[in-house]
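Enquirer: So that we are looking at the same thing, I have put the structure below in structure tokens.
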């Protein structure tokens, strides 16, 4: 296979867009953007295809003459997309990736049986509408056939990312880890917004005013580790303040439960004074 294989992207959504754009920037040729046949999906594919100077296609007319086919469709659609495209080309000697964090490379078994080497290649990064993040320094969890993993290491290195191996049986835990690092972190922040509203701020004001402490906390976590970044009444063992928090949080739907769950996580994993007393306070709040 060429040093920079041609890579067709199946699925022009947020992840497919980010990968196609970054691959093109790094000197890879993306010869085809493949979408579903629905009008909205085709429109998205045409926009991305124009951006990376490639033709757009659907499963009905895809050429699939690229060296590597990268499936960037939702998890529940990976196996079906592979089955749909399986008859469209000869797969022997080709590489196929999918980018599910939770599912193993076995989702592409229909292509493996036809001679393709397959792998799951998942970037530990968040992809949202309106933002195309850089992949520099991003870790990619990889699992699959040896030949496909070798190509994945080369491609990810060219993207500026870092490859590490995720065992097939560990994929669900790996993906749950990512959930804590991004979407559930956003859930904690939106809960903080609701608490700020109780303090008299709007949600927009809360977002703006808490960004400095959020950024510094993440910077401290990166530099000092979790124990060094941890502060507040739990570190001091200040039960009176914890009780005050719990009383007011009863008036914010869902906030008390989030606070108690995170406080219990702190009791297990972080430096906390008066653990037994704080556990009693938390238990009385549930």
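Enquirer: Measure nothing but the geometry: give the 0 to 90° angle between the long axis through the Cα atoms of 171-181 and the longest principal axis through the Cα atoms of the chain, rounded to 10°.
Expert: With rounding to tens, the tilt is 50 degrees.
Enquirer: Considering only C-alpha atoms, what is the centroid distance from segment 47-64 to segment 138-189, in Å?
Expert: So the two Cα centres are separated by 26 Å.
Enquirer: Would you please give the FRET efficiency between residue 25 and residue 251, computed as 1/(1 + (r/R0)^6) with r the Cβ-Cβ distance and R0 = 45 Å, to the nearest 0.05? Please list the in-between numbers first.
Expert: Details: r = 50 Å, r/R0 = 1.10.
Efficiency at R0 = 45 Å is approximately 0.35.
Enquirer: Still on this structure, I have one more. Counting helices only, and only those DSSP H runs with n ≥ 4, report the 222 nm mean residue ellipticity of the chain as the sum of -39,500 (n - 2.57) divided by its residues, in deg cm²/dmol to the nearest 500. Could you put the intermediate results ahead of the total?
Expert: Values: 12 runs with 146 residues, N = 286.
Calculated at 222 nm, the ellipticity per residue is -16000 deg cm²/dmol.
Enquirer: Return 213, 278, 132 ranked ascending by Cβ neighbour count within 10 Å, so the fewest neighbours appear first.
Expert: Values: 213 11, 278 22, 132 15.
Exposure proxy ranking, most exposed first: 213, 132, 278.
Enquirer: Just to be sure I understand, if you calculate Cα extents along the principal axes in Å for this structure, which of (1) 66, 55, 48; (2) 56, 46, 41; (3) 69, 37, 31 do you get?
Expert: Among (1) 66, 55, 48; (2) 56, 46, 41; (3) 69, 37, 31, the one derived from this structure is (3).
Enquirer: Work out, step by step, the length gained on full extension between residue 169 and residue 229: first 0.36 nm times the residue separation, then minus their alpha carbon distance; give nm to one decimal. Walk me through the numbers on the way to the answer.
Expert: Details: separation 60, 0.36 × 60 = 21.60 nm, distance 3.21 nm.
Computed gain between residue 169 and residue 229 is 18.4 nm.
Enquirer: Given the Cα-Cα distance of residue 138 and residue 90 and 0.36 nm per residue of separation, how much length would full extension add, in nm? Could the numbers behind the result be given before it?
Expert: Working: separation 48, 0.36 × 48 = 17.28 nm, distance 3.25 nm.
Once the chain is fully extended between residue 138 and residue 90, it gains 14.0 nm.
Enquirer: Given a Förster radius of 35 Å and the C-beta distance between residue 208 and residue 83 as r, what FRET efficiency does 1/(1 + (r/R0)^6) yield to the nearest 0.05? Kindly include the intermediate steps, with their values, before the conclusion.
Expert: Details: r = 48 Å, r/R0 = 1.37.
It comes out at approximately 0.15.
Enquirer: Now a separate question. Output the 0 to 90 degree angle, nearest 10, between the alpha-carbon long axis of helix 14-25 and the longest principal axis computed from the alpha carbons of the chain.
Expert: 60
Enquirer: Right, next: How big is the gap, in Å, between the Cα center of segment 112-131 and the Cα center of segment 262-286?
Expert: Cα centroid to Cα centroid, the span is 40 Å.
Enquirer: At a 10 Å Cβ-Cβ cut-off, how would you order 15, 111, 262, fewest neighbours first? Could the numbers behind the result be given before it?
Expert: Working: 15 20, 111 24, 262 13.
Lowest to highest Cβ neighbour count: 262, 15, 111.
Enquirer: Here's a follow-up. Label segment 1-119 by shape, choosing from rounded, prolate and oblate, from the square roots a ≥ b ≥ c of the eigenvalues of the Cα gyration tensor; if a/c is under 1.5 it is rounded, and otherwise prolate applies when a/b is larger than b/c, oblate when it is not.
Expert: Numbers: a/c = 1.44, a/b = 1.20, b/c = 1.20.
In terms of gyration-tensor shape, rounded.
Enquirer: Could you line up 175, 268, 46 from fewest to most neighbouring Cβ atoms inside 10 Å?
Expert: With the fewest neighbours first, 175, 268, 46 line up as 268, 46, 175.
Enquirer: For the Cα atoms of the chain, what angle does the longest principal axis make with the long axis of helix 39-52, in degrees from 0 to 90, nearest 10?
Expert: The angle comes out near 80 degrees.
FYI, it's all coordinate maths here, none of it is from the lab. Here the structure is a predicted model, which is why all the values come from computation and not from measurement. Positions of Cβ are backbone-derived with ideal geometry, glycine not excepted, and every protein chain shown enters the neighbour counts.
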